[in-house]
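Trainee: After the structure tokens below, expect a handful of questions from me.
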Amino acid sequence: MATPPLYAHRLGRAYGPDSSAKALDRSLAAGVDGLETDVCLTSDGELVLLHDPLLKLGTTIDGWAHQRSAAEIRRARIRNRDGEPTDERPLTLDELLAATPRDLPIQVEVKAHADPDLARYTAQAFCERYRRDPERRRLELISFHSAACATAAAYGYPARLVIHAEYAPEALAAWAVSHGVAGVSVEHFLLVPKLVSVFRLAGLSVNTR
């Protein structure tokens, strides 16, 4: 059986702080089939690579990402797993694309804590930014927010809904198909053959994280 493609989660968090240049460099050196990173929308419409929209959880500044400019966030330092500041600074999505091979797939996870409208706006900003860019062909939007996935699918982007529950998989599959969402990303502790079979019978691709 062929080995499934291996994507570096948070650009390879085992190698450095979440979605940092250090993690990215080591993942690329190790050899991966693709990359996954989280993005947050800034107050000036930029897309920065942050796992948590609440900035104090992952950086040395406070507030919410959507209330800060990209320049302010870029001046912050990323914290490591122990909460200690590192020398790494947040990257923008544009910087990530420029630093990686043009044929390397990238999953972009929209983050917007408990705010479906912000998730939708973030997805829209992402779609508009790259809609005529050659980079579009290697980008896939993923999110826990169904609004973000539906927005990306409406723009014609590949979209994948991240699920954190195993109940009503038939209903979830029906929703994804009806909104043009191409796949689901299942949390690893939920990944069982029965669940996977429901999604695949619906024509959806399945991955885990």
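Trainee: Run down Ala99, Ala153, Ala114, Ala148 and say which single residue is aliphatic (A, V, I, L, M), open to solvent by 50 Å² or more (accessible area, probe 1.4 Å) and over 28 Å from Ala29 (Cβ atoms).
Mentor: Numbers: Ala99 fails: over 28 Å from Ala29 (Cβ atoms); Ala153 fails: open to solvent by 50 Å² or more (accessible area, probe 1.4 Å); Ala148 fails: open to solvent by 50 Å² or more (accessible area, probe 1.4 Å).
Exactly one residue qualifies, and that residue is Ala114.
Trainee: Then there's this: Just the residues that are closer than 13 Å to Leu104 by Cβ, touching a Ser or Thr at 6+ places or on another chain (Cβ under 8 Å) and outside any helix (DSSP H, G or I), please, taken from the stretch 16-35.
Mentor: Leu35
Trainee: Out of curiosity, is Ala71 surrounded by 17 or more Cβ atoms within 10 Å (Cβ to Cβ), in a helix (DSSP H, G or I) and either touching a helix residue (DSSP H, G or I) at 6+ places or on another chain (Cβ under 9 Å) or not aromatic (Phe, Trp, Tyr) (or both)?
Mentor: Judged against the criteria, Ala71 is not a match.
Trainee: Do you know which residues across the stretch 74-94 are in a helix (DSSP H, G or I) and either surrounded by fewer than 16 Cβ atoms within 10 Å (Cβ to Cβ) or not hydrophobic (A, V, I, L, M, F, W, C) (or both)?
Mentor: Correct list: Arg74, Arg75, Asp94.
Trainee: Of all the strands (runs of 3 or more DSSP E) wholly in the stretch 101-209, which have at least 3 residues that are in contact with a Cys (Cβ under 8 Å, 6 or more places away or on another chain) and modelled with pLDDT of 95 or more?
Mentor: Because the criterion is at least 3 residues that are in contact with a Cys (Cβ under 8 Å, 6 or more places away or on another chain) and modelled with pLDDT of 95 or more, the strands (runs of 3 or more DSSP E) in the stretch 101-209 that meet it are 139-143, 159-163.
Trainee: Of the residues that make up the stretch 139-156, is at least one among the hydroxyl-bearing types (Ser, Thr, Tyr), over 24 Å from Gly16 (Cα atoms) and within 12 Å of the chain's Cα centre (by Cα)? Before you say what the answer is, go through the steps one by one.
Mentor: Taking the stretch 139-156 as the starting set, the residues that turn out to be among the hydroxyl-bearing types (Ser, Thr, Tyr) are 143, 146, 151, 155.
Among the residues that remain, those that are also over 24 Å from Gly16 (Cα atoms) are: 146, 151, 155.
This time we only want the ones that are within 12 Å of the chain's Cα centre (by Cα), so: none.
No: the stretch 139-156 contains no residue that is among the hydroxyl-bearing types (Ser, Thr, Tyr), over 24 Å from Gly16 (Cα atoms) and within 12 Å of the chain's Cα centre (by Cα).
Trainee: Given the criterion buried (at least 17 other Cβ atoms within 10 Å of the Cβ), more than 22 Å from Leu118 (Cα to Cα) and of a type outside the set (Phe, Trp, Tyr), identify the matching residue among Pro158, Pro169. Step through it out loud before you land on a result.
Mentor: Working: Pro158 fails: more than 22 Å from Leu118 (Cα to Cα).
Every option except Pro169 fails the conditions.
Trainee: So if I check each of Ala65, Ala30, which one is among the aliphatic types (A, V, I, L, M) and surrounded by 15 or more Cβ atoms within 10 Å (Cβ to Cβ)?
Mentor: Details: Ala30 fails: surrounded by 15 or more Cβ atoms within 10 Å (Cβ to Cβ).
Going through Ala65, Ala30 in turn, just one is among the aliphatic types (A, V, I, L, M) and surrounded by 15 or more Cβ atoms within 10 Å (Cβ to Cβ): Ala65.
Trainee: Report the residue count in the stretch 65-78 for those that are under 18 Å from Pro17 (Cβ atoms) and within 19 Å of the chain's Cα centre (by Cα).
Mentor: Selection size over the stretch 65-78: 4.
Trainee: Restricting the search to the stretch 27-53, which residues are hydrophobic (A, V, I, L, M, F, W, C) and closer than 21 Å to Ile142 by Cβ?
Mentor: Leu28, Val32, Leu35, Val39, Cys40, Leu41, Leu47, Val48, Leu49, Leu50
Trainee: Same structure again: I need the full set of residues from the stretch 183-197 which are more than 15 Å from the chain's Cα centre (by Cα) and either open to solvent by 30 Å² or more (accessible area, probe 1.4 Å) or among the small types (Gly, Ala, Ser) (or both), in order please.
Mentor: Those that are more than 15 Å from the chain's Cα centre (by Cα) and either open to solvent by 30 Å² or more (accessible area, probe 1.4 Å) or among the small types (Gly, Ala, Ser) (or both): His188, Phe189, Leu191, Val192, Pro193, Lys194, Ser197.
Trainee: Another question, then. Here are some conditions: (1) open to solvent by 30 Å² or more (accessible area, probe 1.4 Å); (2) within 22 Å of Ser143 (Cα to Cα); (3) part of a loop (DSSP other than H, G, I, E, B). Lys56 meets all but one. Which one does it not meet?
Mentor: Answer for Lys56: the failing condition is (3).
The values are calculated or read from the model by the stated rules, or taken from the named source; none is laboratory data. On a predicted model such as this, the values are computed, not experimentally measured, just so you know. Heads up, the Cβs are rebuilt from the backbone with ideal geometry, glycines too, and the neighbour counts pull from every protein chain shown. Accessible surface areas use protein heavy atoms only, side chains included; no ligands, DNA or RNA. Shrake-Rupley method; radii C 1.70, N 1.55, O 1.52, S 1.80 Å.
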